[in-house]
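A short worksheet on the structure shown next.
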Amino acid sequence: MQEAGVNLVSVGIFSWALLEPEPGTYDFGWLDRVLDKLHAGGIAVDLATATASPPPWFLQQHPEAAMVDARGVRRAFGSRQAYCTASPAFREAATGLATELAKRYADHPAVVMWHVGNEYGNHNAHCYCDTSAAAFRTWLRRRYGTLDRLNEAWLTTFWSQRYTDWDQIEPPREVSDNSHPNPGQQLDFWRYSSDALLELFQAEAEAVRAISDKPLTTNFMGFWKLSDPRPWVAAEDLVSNDHYLIAEDEDRTQQLAMTADLTRSLAHGEPWLLMEHSTSAVNWQPRNIAKTTGEMRRNSFQHVARGADGAMFFQWRASRAGSEKFHSAMVPHAGTESRVWRDVVRLGDDLSAIAEVAGTRVAQASVAILFDWTSWWAATFDSHPSVDVDPMTTARAWHKACWTRNLGVDVVGVDDPLDGYEVVVLPVQYLLSDATVERLTAFVEAGGTLVATYFTGIVDEHDHIRLGGYPGALRDLLGVRIEEFCPLPEGDEIPLTAYGTGTIWSERGRAVGADVVAAYAFGDVAGDPAVTRRRVGKGAAWYVGTELTPDALDTLVSQVLSETRPVVAGLPEGVEAVRRVGEQGSYVFVINHTHEPVIVPVRGVELLSGNEGGPHLVRAGQVAVIREE
Ligand code: GLA
């Protein structure tokens with residue numbers, strides 16, 4: 001570890017069975033030795049509450065605490081995280097262990113922070129057992145107070161679903177064949193499930209905080225759909241994230257950048273920690289493709305450039321057995337005579353060379369992409385106009401268009417402040433509250449540019465359609481009135497009078513106050529608006545009624561963002577540039593993802609090589625960190 005410059009290690013995440021071999025009997029001896037040894041070696045510890053996975057005795061004692069799926073099947077022990085989030089027995093056992101660990105190690109000099117749980121909800125986000133059903137009802141009572149309000153929110157007059165007793169309400173378990181559960185019930189169950197995970201985390205965090213005031217975190221999973229990370233942040237001292245590339249995603253580099261942009265926004269712009277990524281392949285994808293030479297280094301620098309103050313890995317040493325034996329590690333099966341190890345050592349040197357960057361913040365972004373979990377869930381439930389519609393697809397397309405231009409982007413939530421942004425993008429923001437609409441309107445009136453895509457502002461927070469023409473919530477602001485959705489057959493494209501073609505979606509409607517910038521040029525909707533712009537106050541509100549194909553989107557983005565300045569001008573596509581700023585100065589990170597060298601027109605000291613002056617040459621596949629003059 002010292003050779004690789006490791007200075008922080010997460011310890012004990014899956015060690016419950018070793019630490020508490022029998023209920024209430026603890027064995028801390030081995031952990032004492034590990035922590036003492038790390039401390040003697042000058043390495044700090046992110047100590048886990050070890051509650052990520054209960055041991056076999058727990059489920060033997062509490063079979064009712066196992067997770068149950070939507071079909072009513074009780075899931076077996078034999079993997080990890082095999083518990084129901086709402087289980088009182090689990091909560092008691094987990095907070096009990098967290099308390100014991102905090103008592104024993106709160107003052108251990110190696111321990112600098114707490115790692116509560118691990119990737120909450122990765123395997124058990126939705127539990128449909130009877131305990132969960134009861135907890136769901138309690139949650140609903142808190143939310144609605146009366147059954148009348150719940151019946152109205154779920155519009156239960158439809159299909160004879162009107163509830164007359166709270167005990168009639170179940171989680172949205174699997175329904176009869178070829179049928180569809182109530183969307184209000186589904187949405188509330190997803191909300192409840194996300195809250196239930198959060199409550200469990202809070203209970204464990206409180207157990208630790210009662211004893212220790214060292215900083216505490218839990219590792220998020222980026223755009224993990226099943227639970228909304230935003231409300232968790234208030235209960236943490238720092239935000240940390242796990243990120244794994246999907247090896248076969250051609251745009252995995254952009255996906256990484258977008259996830260880092262989300263994580264930084266979750267952290268409200270403060271530095272955050274990359275808790276896990278991989279040195280090379282993982283073991284859980286269909287084809288676990290090794291990272292190419294230099295890829296792990298570029299990945300690490302992408303995270304650090306976008307606000308991480310450290311890059312950690314799962315895992316230190318590749319295991320010789322177990323489910324993850326083919327997952328890469330810092331020390332691979334081959335040992336230290338390996339490319340992976342040499343790269344790990346090099347990264348350690350690199351990060352030491354840029355240590356002064358820690359604590360700085362990424363410069364103010366010019367673009368905000370609004371991405372809201374509740375809306376994501378609601379937009380992608382069953383029985384909708386098209387299975388091809390997914391906010392993630394559209395958000396990624398817009399992020400990519402900004403990322404290729406080296407524009408600063410934040411991925412913000414509906415409650416985040418919009419000051420400082422030039423452009424706010426709403427990619428398939430299906431569900432919009434009145435409060436959000438007000439804030440967006442104020443943003444545009446004050447001079448901002450808003451871009452809303454199709455299937456945005458369609459419903460309110462109960463998933464009720466906003467009537468009178470789509471997109472109900474934004475109809476006035478955008479100056480369009482859509483009468484009917486006309487989604488396209490799979491793979492079809494529709495030509496437009498400008499920009500190029502759209503895919504996935506088209507619609508029938510007209511502009512009411514907006515200028516039509518592009519219309520559909522084919523078929524039944526020919527002549528109807530596809531892209532519109534309306535001047536509002538000092539700003540502008542754009543509407544994009546189809547999923548533009550990449551070239552078309554690129555043309556539109558050039559127009560909409562023509563006045564938005566890149567971090568460094570003149571860099572070719574595939575060369576990423578991000579600026580971090582602190583009291584001591586500013587730093588430009590350059591990550592060259594291309595196969596060609598690039599000249600970067602920035603003057604100052606390049607910290608990795610020590611080269612002074614500038615412009616700086618960054619070779620193919622290499623990175624640079626320039627302290628600006
Ligand atoms: C997650 C978990 C780790 C490990 C990795 C594998 O991030 O936290 O324990 O399973 O996935 O990629």
- Item | Free-standing Cys residues across the chain, given no other cysteine C-beta under 4.7 angstrom | CYS129, CYS402, CYS486
- Solvent-accessible area per residue for region 20-125 at a 1.4 Å probe radius, Å²? 42
- Segment GLN584-ASP69, length gained on full extension (0.36 nm per residue, minus Cα span): 180.1 nm
- Query: So what are the ³J(HN,Hα) numbers for region 381-388, from phi and the Karplus equation (6.51, -1.76, 1.60; θ = phi - 60°), rounded to whole Hz, Gly and Pro as x?
  - Reply: 5, 5, 6, 10, x, 7, 5, 7
- Query: Once you put a point 7 Å from the Cα of SER558 and another 7 Å from the Cα of SER609, both along the Cβ direction, what distance in nm separates them?
  - Reply: 3.2
- Item | Contour excess over end-to-end distance, with Cα ends at ALA76 and PHE522 and 0.36 nm allotted per residue | 155.1 nm
- Given a Förster radius of 56 Å and the C-beta distance between VAL512 and THR594 as r, what FRET efficiency does 1/(1 + (r/R0)^6) yield to the nearest 0.05? 0.80
- Sort region 372-500 into rounded, prolate or oblate with this rule: let a ≥ b ≥ c be the square roots of the eigenvalues of the Cα gyration tensor; rounded if a/c is under 1.5, and if a/c is not under 1.5, prolate when a/b is larger than b/c, oblate otherwise. rounded
- Rounded to the nearest Å, what's the spacing between the alpha carbon centres of region 342-414 and region 575-593? Just the number, please. 17
- Please find the FRET efficiency linking ASP130 to GLU324, where r is the Cβ-Cβ separation and R0 is fixed at 45 Å, and quote it to the nearest 0.05. 0.85
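Extension gain GLU152-THR497, at 0.36 nm per residue separation less the Cα-Cα distance, in nm?
119.9 nm is the gain from fully extending GLU152 to THR497.
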- Here region 579-586 yields Karplus 3J(HN,Hα) values (6.51, -1.76, 1.60; θ = phi - 60°; whole Hz; Gly and Pro given as x) of 10, 10, 10, x, 4, 7, x, 10
- Message: Contact order normalised by length for the chain, with contacts defined as Cα pairs under 8 Å and 6 or more residues apart; what percent is it?
- Response: 9
- Note on the structure: Counting only backbone N atoms under 20 Å from a point 7 Å out along Cα-to-Cβ of ALA106, the residues of region 229-249 in range are 235-238
- For region 460-477, in order, what is each residue's ³J(HN,Hα) by Karplus, 6.51 cos²θ - 1.76 cosθ + 1.60 with θ = phi - 60°, in whole Hz (x at glycine and Pro)? 8, 5, 8, 6, 9, 4, 8, 7, x, x, 7, x, x, 6, 10, 3, 6, 4
- Round to a whole angstrom and tell me the spacing of the C-alpha centers of region 45-100 and region 200-234. 17
- Query: Got the relative contact order for region 485-629 handy, in percent, Cα pairs under 8 Å and 6 or more residues apart?
  - Reply: 15
- Query: Out of residues 5 or more away from LEU216 or on other chains, whose amide H comes under 5 Å of its own, with H placed 1.01 Å from N in the peptide plane?
  - Reply: TRP114, ASP237, LEU238
- Would you mind checking which residues have amide H under 5 Å from VAL45's amide H? H placed 1.01 Å from N; only 5 or more apart, or other chain. VAL9, VAL111, VAL112, MET113
- Item | Approximate spin-label separation ASP551-ALA569, in nm, with each point projected 7 Å along Cα-to-Cβ | 2.8
- Query: To the nearest 0.05, what FRET efficiency results for MET1 and GLU438 with a Förster distance of 45 Å applied to their C-beta separation?
  - Reply: 0.30
- Could you please state how large a percent of the accessible area of region 70-194 is carbon and sulfur, counting protein chains only and using a 1.4 Å probe? 47
- Query: Using the heavy atoms of the protein chains alone and a 1.4 angstrom probe, what is the accessible area of region 365-476 per residue in square angstrom?
  - Reply: 31
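Let me have the relative contact order for region 307-359, percent, based on Cα pairs under 8 Å that are six or more residues apart.
Once divided by the residue count of region 307-359, the mean separation gives 27 percent.
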- Message: At 18 angstrom or more along the helix axis (alpha-carbon based) and mean Kyte-Doolittle of 1.0 or higher, what helices does the chain contain? Whole DSSP H runs only.
- Response: none
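Which loop-located GluC sites (Glu not before Pro) does region 81-176 contain, where loop means any DSSP state but H, G, I, E or B and the Cβ has at most 15 other Cβ atoms within 10 Å? The partial results should precede the final answer.
Working: sites: GLU92, GLU100, GLU119, GLU152, GLU174; in loops: GLU119, GLU174.
For GluC sites (Glu not before Pro) across region 81-176 that sit outside H, G, I, E and B with at most 15 neighbouring Cβ atoms in 10 Å, the list reads GLU174.
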- Query: For labels at HIS268 and ILE289 in the simple 7 Å Cα→Cβ model, what's the distance in nm?
  - Reply: 4.0
- Does the chain come out rounded, prolate or oblate by the C-alpha gyration tensor, with a ≥ b ≥ c the root eigenvalues, rounded set by a/c under 1.5 and, if not, prolate when a/b is larger than b/c and oblate if not? oblate
- Query: Tell me, what is the per residue accessible area of region 479-588 in Å², probe radius 1.4 Å?
  - Reply: 45
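The values are calculated or read from the model by the stated rules, or taken from the named source; none is laboratory data. None of the values given here were measured: they were computed from a predicted structure. Note that we place each Cβ from the backbone using ideal geometry, even for glycine, and neighbour counts take in every protein chain shown. These area figures cover heavy atoms from the full protein model, side chains too; ligands, DNA and RNA do not enter into them. Shrake-Rupley method; radii C 1.70, N 1.55, O 1.52, S 1.80 Å.
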